[in-house]
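Structure record follows, encoded as structure tokens.
The values are calculated or read from the model by the stated rules, or taken from the named source; none is laboratory data. In this text the structure is predicted, and so the values were computed from the model without any measurement. Don't worry about glycine lacking a Cβ; one is built from the backbone with ideal geometry, like all the others, and counts go over all protein chains shown. Note: accessible area is taken over every heavy atom of the protein model, side chains too, but ligands, DNA and RNA are not part of it. Shrake-Rupley method; radii C 1.70, N 1.55, O 1.52, S 1.80 Å.
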Amino acid sequence: PLKDIGRYFRDIETPVAPPMGIANMNRGHAKWLKGRHVRVLPAFGNGQHIAGGQTQMLLASLTARSDPAYAAEMMQSFYEDGGYLGTEMDLPFMWLYWNPDIAPKPMMRTDKLITGFGGVLRAHSTSPEETYAVLRNGYTQSHWNPDQGTLVFNSRGVCISPATGWGYNSMEQGICRDSRICFGEPLADHEHGRVDTNIVDYGSLPSMGYLLGQQTFRKEWDPTKTLTNNFDWSRQVMLLKSTRPDGPNYLVVRDTTQGASPMKRWWYQWFITKDTNITPIPGGVRATGIEKSDVKLDVRFLEPAEAKVGVKGLTNPPRGYEGWDFAQVSVPQEPDKGYFTVFYPSKGAEPGLGTTEKLAEGVVKITTPESVDYVFCAVENPVVFKDALVEINAYAGAVRIYPDRVLLVNASGQQGSVAYKGVKAEGIGPFEHVAAVSPAKTETVAAGRRLAPVARPEGEGMLITVDGTGGANAVVTGSGLKGWVLARGGKVTYAMTEGTGTVGYKGFYIKGEAPFVCVHEPGKVTLTADGRRRIFQMPIPEDLVPASLLPPKESLPENIKKALQGGWTNWPWAVDLKVDGVGGMQAGWYNGLMTIGLDDGKHIAVISPYTNPPVWKDNAYTRLLP
């Protein structure tokens, strides 16, 4: 777990750039880093940009003998962060912990799914012009403002769109704190504290990175009191990567809702420039003077087709950001309608974004100086599209047509096929197949990854085959997953072989990506997963309540009973999780739900009732009750 802290810092750190808004002057960061180009920890939650490195240096010293490769990476991160050794104040004695014998190891920073936080997409991480996009979607929310869905973007040596960064300061009237969507009211906050907001699909490929973040909105939590039913907001972010750091490295972002959402919505995005530097172009806006540089950004809206764009400047930047220019772009949209947006950075005299055309629902054609890209994405059902050149039956990806080659990309982790002039690549993504511009013959090529096998459960009980449609058996709920459910008494085994979705039986369910085996029995849930990094969500079943340590519900005070009836209090508040026998692993527990992330490879997670260490004779929560 300690080493994971360093990996988290390494994975979320910004590209090398002038440090904008480094904490507060009285902490010494700005003074120490003035004039340098460094990586920083981005200002998510209620924080500000922070000069990292100190933690990485300490972890390097700690692991110098036990894990030299990790120590070398941490030391490299320390140097790239400017070698700052003070967090709250200048602490020169911290240099006593620096081990000069640990040689830094240059590393290639790549796309990452960070369970609990969200996802990061990168291109050309060793270049000063690195491109970096972050989608904040994760179950960690304590002391964070409701920033789920926020999009951060760096490219061409500058920060184009920052993270929140406003700390606990109030925001100016008419401005949203984050780069996200508000539903129901122009500045409505999102639900805070829930754990059913996560990255549910992703892909990392040489020419494309992909993230699908999803957040649930529930009627009982609606701050606007305009929500008539529950719905999901999905944000799909795709980074189209050039082979050159100064080439067309750009974003395609699609926002959709699943389930009736009869509320207006407002799209917001921050940019580090003056509001007067954001001017109209056909189909969108152009932002110039980003971070007072010659970098510009074209933002093109495919949905709504006639976007009503608003721009507001930040006249009074929060403490720590004085001297920087900020502007926010907003676009309203009608109920049940979505957004389809292209972010295209360029520099100096370079041409901006070329032609963009919406070809069908979820499909856009984008022309850049390097390629013609058919980019597609959808959530509930795959995109099915065909024209004279391409044929698509997949959830997210692209057909990228270059002068000398064609890339057939399935960026999703789900089954799909992508074709060009009769050459079809199909399989479970993510995959990228190279085809000729003028193929000699038509053919179908098997591509993608192989899933770890899952055996059909054996033994007595009721065995139900799940076909992914949700209609296999009235007893089993959910859809998107294939496999079997074996129910025998109080023990239920969910053995899922492929797909992404939800499967449930008698009130309990598990949401995630196959393959996995989940066994729910009284007082225990065991989850075994083999494959790529994934996130799983489940309700907290009543049989995990430590009945011997918690008083009966009927004996609770009336105010707590009322809270339980309202659904915002867990019963119990938390459970115990061990992954591969190691306790103290991080996960999310809130409002009757639990969410956990498992790393690449094979892992076994055991969830059981929480009990205090023996030194605490009383349960922590019983001590709080009158």
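What's the number of the condition G174 fails, among (1) open to solvent by less than 10 Å² (accessible area, probe 1.4 Å); (2) more than 30 Å from V434 (Cβ to Cβ); (3) among the small types (G, A, S)?
Just one mismatch for G174, condition (1).
Which of the residues that make up segment 414-445 are closer than 25 Å to G512 by Cβ and small (G, A, S)?
G416, S417, G427, G429
Before we move on, is V454 of a type in the set (A, V, I, L, M, F, W, C), part of a loop (DSSP other than H, G, I, E, B), open to solvent by 20 Å² or more (accessible area, probe 1.4 Å) and in contact with a Ser or Thr (Cβ under 8 Å, 6 or more places away or on another chain)?
The answer is yes for V454.
Hey, among the residues in segment 44-58 that are modelled with pLDDT of 85 or more and open to solvent by less than 10 Å² (accessible area, probe 1.4 Å), which one's nearest to the chain's Cα centre (by Cα)?
Only one residue tops the list, namely Q56.
Restricting attention to segment 475-485, which residues are surrounded by fewer than 21 Cβ atoms within 10 Å (Cβ to Cβ) and either over 25 Å from R449 (Cβ atoms) or in contact with a helix residue (DSSP H, G or I) (Cβ under 9 Å, 6 or more places away or on another chain) (or both)?
V475, T477
Quick one: is A123 over 10 Å from the mean Cα position of the chain (by Cα), at pLDDT below 95 and open to solvent by less than 10 Å² (accessible area, probe 1.4 Å)?
Against the criterion (over 10 Å from the mean Cα position of the chain (by Cα), at pLDDT below 95 and open to solvent by less than 10 Å² (accessible area, probe 1.4 Å)), A123 does not qualify.
What number of residues in segment 423-477 are under 25 Å from S204 (Cβ atoms) and among the charged types (D, E, K, R)?
Qualifying residue count for the region: 5.
Here is a list: T216, T276, T256. Which entry is out of contact with any His (no Cβ under 9 Å at 6 or more places or on another chain), closer than 26 Å to G480 by Cα, of a type in the set (V, I, T) and without any contact (Cβ under 8 Å) to a residue 40 or more places away in the chain?
T216
Please find, among K578, K511, K561, the residue that is modelled with pLDDT under 95, part of a strand (DSSP E or B), charged (D, E, K, R) and out of contact with any Pro (no Cβ under 6 Å at 6 or more places or on another chain).
Details: K511 fails: modelled with pLDDT under 95; K561 fails: part of a strand (DSSP E or B).
Answer to the selection: K578.
Among the listed residues W616, W589, which satisfies the condition of being assigned to a strand (DSSP E or B), open to solvent by 50 Å² or more (accessible area, probe 1.4 Å), modelled with pLDDT under 80 and not basic (K, R)?
Numbers: W616 fails: assigned to a strand (DSSP E or B).
It is W589.
Would you tally the residues in segment 402-449 being under 30 Å from S479 (Cβ atoms), open to solvent by 70 Å² or more (accessible area, probe 1.4 Å) and not β-branched (V, I, T)?
Quick first cut of segment 402-449, residues under 30 Å from S479 (Cβ atoms) only: 408-419, 424-433, 444-449.
Among the residues that remain, those that are also open to solvent by 70 Å² or more (accessible area, probe 1.4 Å) are: 415, 426, 444, 446.
Then keep just the ones that are not β-branched (V, I, T); that gives 415, 426, 446.
Residues that pass the stated criteria total 3.
Within segment 1-32, take every residue that is assigned to a helix (DSSP H, G or I) and β-branched (V, I, T) and give me the one that is modelled with the highest pLDDT.
My answer is I12.
Hey, among the residues in segment 264-278 that are more than 15 Å from T164 (Cα to Cα) and polar (S, T, N, Q), which one's surrounded by the most Cβ atoms within 10 Å (Cβ to Cβ)?
By that ranking, first place goes to T273.
Let me spell it out: the conditions are (1) open to solvent by less than 10 Å² (accessible area, probe 1.4 Å); (2) over 20 Å from the mean Cα position of the chain (by Cα), and Q215 meets all of them except one. Which number is the exception?
Of (1) open to solvent by less than 10 Å² (accessible area, probe 1.4 Å); (2) over 20 Å from the mean Cα position of the chain (by Cα), only one is false for Q215: (2).
Of the conditions (1) in contact with a Gly (Cβ under 9 Å, 6 or more places away or on another chain); (2) in contact (Cβ under 8 Å) with a residue 60 or more places away in the chain; (3) open to solvent by 10 Å² or more (accessible area, probe 1.4 Å); (4) not small (G, A, S), R136 clears all except one; give me its number.
Checking R136 against (1) in contact with a Gly (Cβ under 9 Å, 6 or more places away or on another chain); (2) in contact (Cβ under 8 Å) with a residue 60 or more places away in the chain; (3) open to solvent by 10 Å² or more (accessible area, probe 1.4 Å); (4) not small (G, A, S), the one that fails is (3).
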